[in-house]
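Only one structure is covered here, and it is reproduced in the block below.
The values are calculated or read from the model by the stated rules, or taken from the named source; none is laboratory data. Just so it is clear, the model here is predicted, and its values are computed rather than measured. With ideal geometry, Cβ positions are generated from the backbone for all residues, glycine too; neighbour counts draw on all protein chains shown. All accessible areas refer to the heavy atoms of the entire protein, side chains included, with ligands and DNA or RNA removed. Shrake-Rupley method; radii C 1.70, N 1.55, O 1.52, S 1.80 Å.
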2 protein chains.
Amino acid sequence: MTDYQAPQQDFAFLMQDVFDLPTLWASMPEFSEVDGDLAAAVLEEGSKMLSGTVAPLRRLGDSEGAVHTTGGVTLPAAYKEAFAQFTEGGWTSLTSDPTYGGQGMPRSLSIMFEEMMWSSDPSFTLVTALSTGSIKMFSLHGSDALKEKYLPDLIAGNWTGTMCLTEPHSGSDLGIISTKATEGEDGSYEISGTKMFITAGDHDLTENIIHFVLAKLPGADKGTRGISLFLVPKFFVGDDGSIGEANGVTCGSIEHKMGIHASATCVMNFDSAKGWMVGAPGHGLKCMFAMMNDERLGIGLQGQAAMAAAYQSAAAYAKDRLQGRAPTGAVNPDGKADPIIVHPEVRRMLMELKVASEAGRALVIYAATWLDRAKGLQDEEARAHAQGMADLLTPLCKAYLSDQGFDGTVTAQQIFGGHGYVAEWGMEQWVRDTRIAQIYEGSNGIISMDLLGRKTIGTGGALIRQLGEEIATEISASTHAEVMPMAKALQGALDEVLAVTAWAVETAKADKNLVSASAVSYQRMLGSLTFGFMWLKAANVAAAGSSQAAEFDAAKLVCANYYFARSLPQVASFAAQVRLSASGMMDLNLEDFG
Amino acid sequence: MTDYQAPQQDFAFLMQDVFDLPTLWASMPEFSEVDGDLAAAVLEEGSKMLSGTVAPLRRLGDSEGAVHTTGGVTLPAAYKEAFAQFTEGGWTSLTSDPTYGGQGMPRSLSIMFEEMMWSSDPSFTLVTALSTGSIKMFSLHGSDALKEKYLPDLIAGNWTGTMCLTEPHSGSDLGIISTKATEGEDGSYEISGTKMFITAGDHDLTENIIHFVLAKLPGADKGTRGISLFLVPKFFVGDDGSIGEANGVTCGSIEHKMGIHASATCVMNFDSAKGWMVGAPGHGLKCMFAMMNDERLGIGLQGQAAMAAAYQSAAAYAKDRLQGRAPTGAVNPDGKADPIIVHPEVRRMLMELKVASEAGRALVIYAATWLDRAKGLQDEEARAHAQGMADLLTPLCKAYLSDQGFDGTVTAQQIFGGHGYVAEWGMEQWVRDTRIAQIYEGSNGIISMDLLGRKTIGTGGALIRQLGEEIATEISASTHAEVMPMAKALQGALDEVLAVTAWAVETAKADKNLVSASAVSYQRMLGSLTFGFMWLKAANVAAAGSSQAAEFDAAKLVCANYYFARSLPQVASFAAQVRLSASGMMDLNLEDFG
């Protein structure tokens, strides 16, 4: 197993050359204190801490796992030590609100740190990722009194936050939750019910845990509009910030899962637990959406980062492992065999991994720039436009990158042959740990329905046209001879996507099955298109000569050519699938399944 | 978790209606004693035994696993009991040579039993599958003296056989093995070396284990022509069949793997172990190929059977789990929600699983009919023709069905949402257990190179043209109006495949990278084509009215239409990929990977 090396050169290329992030940050008062040097220092320090402290936890956490006893959940001791270093370094607070001790950094910077985190150890990352999401939601919707009491310790990483949504009978359909909240005399609420699949619902890394819980008030609407949101601490907090008695919330059990063994996935029992409402009554799901959207970009990143790390190990193995001879003649004639990287079949797998993980990296950063603009731009209309881009790109990143990421870990494992199936090489763990990214925070089917239904058809195609304008701008800027054929191919793919989108907006008026039936094909089509967009951006910069070495630019052009020759043509196949809608899909009788 | 139900109706449809196996068996003296009634009884009894005894082992074997101590490997106690029932019922000897106690049944019958085995418990199945493969090889290449001594107990399941090929530095490249054999004075050999990844290399199910070991004689050729094959018993066997002292072969350790935990994957140390040569000196790999080819059809089946079993559970779950409402209006208005099978996105996944697992089931039976003909036909030329079909279809089944099977288990897991990631539902185990099928017995990349290189280009395209004639015959026989459009689409796909094959045969003369670069795309193209072939066969029978219920035939036509509308178009995409060969694939410098 090779040690994790952060992709610092690709970060620099994307930050400086492709997206020119320092100029973007400087343009917004909110982020104007962040410049390229500070960003480089953050990535450099973050990389050192993660490679040295967090990445070594991954294999250990898999074999030791989280342990549940009547006293609660304990994580491997090394996790506690690493978490202490992590909070001491201020790594929990990168993007949080400076009013409460956060550092207020742009997401387009923190997202690179987040990639390194997911590449180091997904289980460790989950503790902080969920907490960061809940902090963001709470910052937006909590009352000042609640925020003053809870937010500084959450941001500092002294405590962590959870999101408690799912119940045994209620997962993707939250309207039917049965956890109840009844109002007490002091303005607090009593919460009773059982939640499941609660990530970091209990653990021993911090002295307190703050749960954000969906529950229904008596007589509330039966659907999602009846859901309210409550803050429920594990231990009560005194007005002086001291930790008091235990609240009525306990971990009943943890799940035995395919992967992320050191991430405790808890059944949480709320037994007349005391809580405080966040946001207005009945607005619980709306408040939670901010958190979920934030998480979803992170989950796409989990897939991309896993693929990037697995690719790194696979490339090293392919250069090292001697087996067979190159079809065009031995390249290592004095050795027993050639390194397997000489075989085109192995090279094909490596190229697919490299091309997808670099495009994925670019795409999440691109999405994050829109989140930053939506927060930092001065003009309201421009902020709304940016928010639209982020709303569109978030579900796309979640579903497309977690799918690509899982497939990528499988491909990387394949390069190791039989050794990939054995635990000691760490490759099979990537597959197991990454699989969950396609399922949690909204299964990819449901996320794809959000993308095609709410974000595309629901806006009459407006957000897709916005994205199309960005792509068209990049196509127009493609003037180097080497890049012109790519730009032309991308234009063809874009035309196809715009046409099929217009068709879908129109057809969905009468065809109620369309959104669900075509969602995944639409998502894959849009993913293929946007990867092409990212490769055209990279190719334009590389053809003109970036600030990186000439060899780096040359490699970018090789990868871009590979993508356009072999992957972009998929756009047309997926578009054809989208147009089939549910045709032939619902014809079988229920009794014929099984 | 639902109990496993064997697909008896689909077996009957395939056996009686699609392939008319009783007539085929009756036409060959070798199999003429097997009729439809006997076959149905075998499947019925086999199904009872497997559902009752073997299927319950799957989850248990995963959690308990194989255990290695200095005394050797022990499997969970329930495996030993089940194996005793298995051998008592004569299930180890279905296809073996009657001269030595086998039942001499056609593979096209036993393959249906094998599907049920793989669907019940892959770890249990591996013990017998490897043993059956080694028996077949030994029957073909062993001397009469050796066979008389060892074969009856192997066939009866009193002992099991292994195949010892891989060494730590030598997996896909067997030419560089370093296990040595030196001739003794009594005609035996002394074998020394270390083998790894040896399935069932040690276990406590039987009192003896017979290893078939590849090793090199002193001064042998450095490549594959220097490899000889040796029979090495764990315990010596007296002339009276009694078990004697231990030989110099021990299990050094077992691997900790992603899945198939109850299958012991052993490092085997041969320390001056005594062995006897099988086949001629230097012919070891040639002898072993018979065994490997046999195994490879079984490994394709592993993928298909896993998908079929996982589909079965997913369909039951999708009918049971209530979540959300059908987009066209509630179908379960009195309940809290509708069953998730009403959602087109869920239906899409179920249809993909059903269509692929039924096509895969048909394809392995079809391949097995050619194995039977290659053994049982009287005419030598006809036997050679049949062997050619089997040679072509075996690597195709291995790679395509294990890929489809793995993807299928992932899809079935997805239908369970978060519950699919949790061990108790048994779905994540299907994913972990099936992943190995893409890797062992030749990784799918290497198997695809065999398919495109040796079997296709190596025969000047002759085997593909043979297959093309079979497909063309089916197309010509498609006369029902409902089936005509499918036949026409399949003709288009066939023309494409024949054209790209002719192109590849010609291009490969100068393009040494072609086989490796295009292998996987070629395999997927041919897999898509042959699935279409299987669905056309099923549709022709169903349209004419099979011996099954009218609803069954109607469901077959729905599935066939689904396949032709949504999957067959892939043939053209894969063909385009094949024609790219290594273009753009080898352009990156080695230092740019990483």
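Each residue in segment B:297-353 was checked for being within 7 Å of chain A (Cβ to nearest Cβ), of a type in the set (Ser, Thr, Tyr) and surrounded by 20 or more Cβ atoms within 10 Å (Cβ to Cβ), and 0 of them qualify. Scanning segment A:1-38 for residues that are in contact with a Ser or Thr (Cβ under 6 Å, 6 or more places away or on another chain) and among the hydroxyl-bearing types (Ser, Thr, Tyr) yields A:2, A:4. Of the residues making up segment A:332-388, those that are touching a Pro at 6+ places or on another chain (Cβ under 8 Å) and assigned to a loop (DSSP other than H, G, I, E, B) are A:332, A:343, A:378.
Residue by residue through segment B:492-514, note down the ones that are within 30 Å of residue B:544 (Cβ to Cβ) and surrounded by 16 or more Cβ atoms within 10 Å (Cβ to Cβ). It would help to see each step written out before you state the result.
To start, the set of residues in segment B:492-514 that are within 30 Å of residue B:544 (Cβ to Cβ) comprises B:492-498.
The answer is B:493, B:494, B:496, B:497, B:498.
Once segment A:240-250 is narrowed to residues that are touching a residue at least 24 places away in the same chain (Cβ under 8 Å) and open to solvent by 20 Å² or more (accessible area, probe 1.4 Å), the residue that is farthest from residue A:435 (Cα to Cα) is A:241. Of all residues in segment A:268-291, those satisfying the criterion of being surrounded by fewer than 19 Cβ atoms within 10 Å (Cβ to Cβ) and within 24 Å of the chain's Cα centre (by Cα) are A:286, A:289, A:290.
Just to be sure before I move on: is residue A:284 of a type in the set (Gly, Ala, Ser) and either more than 14 Å from chain B (Cβ to nearest Cβ) or in contact with a His (Cβ under 7 Å, 6 or more places away or on another chain) (or both) in the structure I sent? It would help to see each step written out before you state the result.
Numbers: of a type in the set (Gly, Ala, Ser): yes; either more than 14 Å from chain B (Cβ to nearest Cβ) or in contact with a His (Cβ under 7 Å, 6 or more places away or on another chain) (or both): yes.
Against the criterion (of a type in the set (Gly, Ala, Ser) and either more than 14 Å from chain B (Cβ to nearest Cβ) or in contact with a His (Cβ under 7 Å, 6 or more places away or on another chain) (or both)), residue A:284 qualifies.
Could you go through segment B:338-355 and let me know if any residue there is touching a strand residue (DSSP E or B) at 6+ places or on another chain (Cβ under 7 Å) and either modelled with pLDDT of 95 or more or acidic (Asp, Glu) (or both). Before you say what the answer is, go through the steps one by one.
Quick first cut of segment B:338-355, residues touching a strand residue (DSSP E or B) at 6+ places or on another chain (Cβ under 7 Å) only: B:338-339.
Still in the running and either modelled with pLDDT of 95 or more or acidic (Asp, Glu) (or both): B:338-339.
For segment B:338-355, residues touching a strand residue (DSSP E or B) at 6+ places or on another chain (Cβ under 7 Å) and either modelled with pLDDT of 95 or more or acidic (Asp, Glu) (or both): present.
Each row is one residue, and each column tells you yes or no for (1) at the interface with chain A (Cβ under 9 Å from one of its Cβ atoms); (2) farther than 23 Å from residue B:508 by Cβ; (3) open to solvent by less than 20 Å² (accessible area, probe 1.4 Å).
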| residue | (1), (2), (3) |
| --- | --- |
| B:533 | no, yes, yes |
| B:537 | no, yes, no |
| B:544 | no, yes, no |
| B:574 | no, no, no |
| B:583 | yes, no, no |
| B:586 | yes, no, no |
| B:589 | yes, yes, no |
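Suppose we filter segment A:435-463 for residues that are among the aliphatic types (A, V, I, L, M), out of contact with any Leu (no Cβ under 7 Å at 6 or more places or on another chain) and open to solvent by less than 30 Å² (accessible area, probe 1.4 Å); how many remain? Show your work before the answer.
Kept after step one, since they are among the aliphatic types (A, V, I, L, M), are these residues of segment A:435-463: A:436-437, A:439, A:446-447, A:449, A:451-452, A:457, A:462-463.
Narrowing further to those that are out of contact with any Leu (no Cβ under 7 Å at 6 or more places or on another chain): A:436-437, A:439, A:446-447, A:449, A:452, A:457, A:462.
With open to solvent by less than 30 Å² (accessible area, probe 1.4 Å) added as a condition, the list becomes A:436-437, A:439, A:447, A:452.
So the answer is 5.
Consider residue A:55 carefully, then state whether it is modelled with pLDDT of 95 or more, open to solvent by 10 Å² or more (accessible area, probe 1.4 Å) and hydrophobic (A, V, I, L, M, F, W, C).
Working: modelled with pLDDT of 95 or more: yes; open to solvent by 10 Å² or more (accessible area, probe 1.4 Å): yes; hydrophobic (A, V, I, L, M, F, W, C): yes.
Criteria met by residue A:55.
Considering only residues in segment A:173-196 that are within 14 Å of chain B (Cβ to nearest Cβ) and closer than 25 Å to residue A:219 by Cβ, the one that is surrounded by the most Cβ atoms within 10 Å (Cβ to Cβ) turns out to be A:195. Taken over segment A:76-90, the residue count meeting the criterion of being closer than 15 Å to residue A:263 by Cβ and assigned to a loop (DSSP other than H, G, I, E, B) is 1.
Would you mind finding the one in A:32, A:47 that is over 24 Å from the mean Cα position of the chain (by Cα), open to solvent by 10 Å² or more (accessible area, probe 1.4 Å) and among the polar types (S, T, N, Q)? So that I can check it myself, show each step before the final result.
On the way: A:47 fails: over 24 Å from the mean Cα position of the chain (by Cα).
When all the criteria are applied, what remains is A:32.
Could you please let me know if residue B:260 is farther than 24 Å from residue B:150 by Cα, within 12 Å of chain A (Cβ to nearest Cβ) and touching a Pro at 6+ places or on another chain (Cβ under 6 Å)?
On the way: farther than 24 Å from residue B:150 by Cα: yes; within 12 Å of chain A (Cβ to nearest Cβ): yes; touching a Pro at 6+ places or on another chain (Cβ under 6 Å): yes.
The answer is yes for residue B:260.
Summed over segment B:370-400, the residues that are crowded, with 22+ Cβ neighbours inside 10 Å and either touching a Cys at 6+ places or on another chain (Cβ under 8 Å) or of a type in the set (S, T, N, Q) (or both) give a count of 1.
Test residue B:83 against the stated conditions and say whether it is within 20 Å of the chain's Cα centre (by Cα) and either modelled with pLDDT of 95 or more or surrounded by fewer than 18 Cβ atoms within 10 Å (Cβ to Cβ) (or both). I'd like the intermediate steps shown before the answer.
Values: within 20 Å of the chain's Cα centre (by Cα): no; either modelled with pLDDT of 95 or more or surrounded by fewer than 18 Cβ atoms within 10 Å (Cβ to Cβ) (or both): yes.
In short, no.
Going through (1) within 22 Å of residue A:264 (Cβ to Cβ); (2) over 21 Å from the mean Cα position of the chain (by Cα) one by one, residue A:130 falls short only on (2).
Looking across segment B:407-453 at every residue that is outside any helix (DSSP H, G or I) and more than 9 Å from chain A (Cβ to nearest Cβ), the one that is farthest from residue A:410 (Cα to Cα) is identified as B:426. Residue pairs whose Cβ atoms lie under 6 Å apart, sitting 6 or more positions apart in sequence or on different chains, and linking a residue in segment A:547-563 that is at the interface with another protein chain (Cβ under 9 Å from one of its Cβ atoms) to a partner that is acidic (Asp, Glu), are A:555/B:592; A:558/B:587.
In segment A:122-172, the qualifying residues are those that are more than 22 Å from residue A:58 (Cα to Cα), assigned to a helix (DSSP H, G or I) and among the small types (Gly, Ala, Ser), and the one that is nearest to the other protein chains (Cβ to nearest Cβ) is A:133. The numbered conditions (1) touching a helix residue (DSSP H, G or I) at 6+ places or on another chain (Cβ under 8 Å); (2) free of Cβ contacts under 8 Å to residues at least 24 places away in the same chain; (3) open to solvent by 10 Å² or more (accessible area, probe 1.4 Å); (4) not aliphatic (A, V, I, L, M) are all true for residue B:473 except (1). Restricting attention to segment B:1-29, the residues that are in a loop (DSSP other than H, G, I, E, B) and over 21 Å from the mean Cα position of the chain (by Cα) total 6.
Please state which one of B:301, B:297, B:229, B:217 is out of contact with any helix residue (DSSP H, G or I) (no Cβ under 6 Å at 6 or more places or on another chain) and in contact (Cβ under 8 Å) with a residue 60 or more places away in the chain.
On the way: B:301 fails: out of contact with any helix residue (DSSP H, G or I) (no Cβ under 6 Å at 6 or more places or on another chain); B:297 fails: out of contact with any helix residue (DSSP H, G or I) (no Cβ under 6 Å at 6 or more places or on another chain); B:229 fails: out of contact with any helix residue (DSSP H, G or I) (no Cβ under 6 Å at 6 or more places or on another chain).
Result of the check over B:301, B:297, B:229, B:217: B:217.
Looking at residue A:180, is it over 22 Å from the mean Cα position of the chain (by Cα), within 18 Å of residue A:439 (Cβ to Cβ) and basic (Lys, Arg)? The answer is no for residue A:180.
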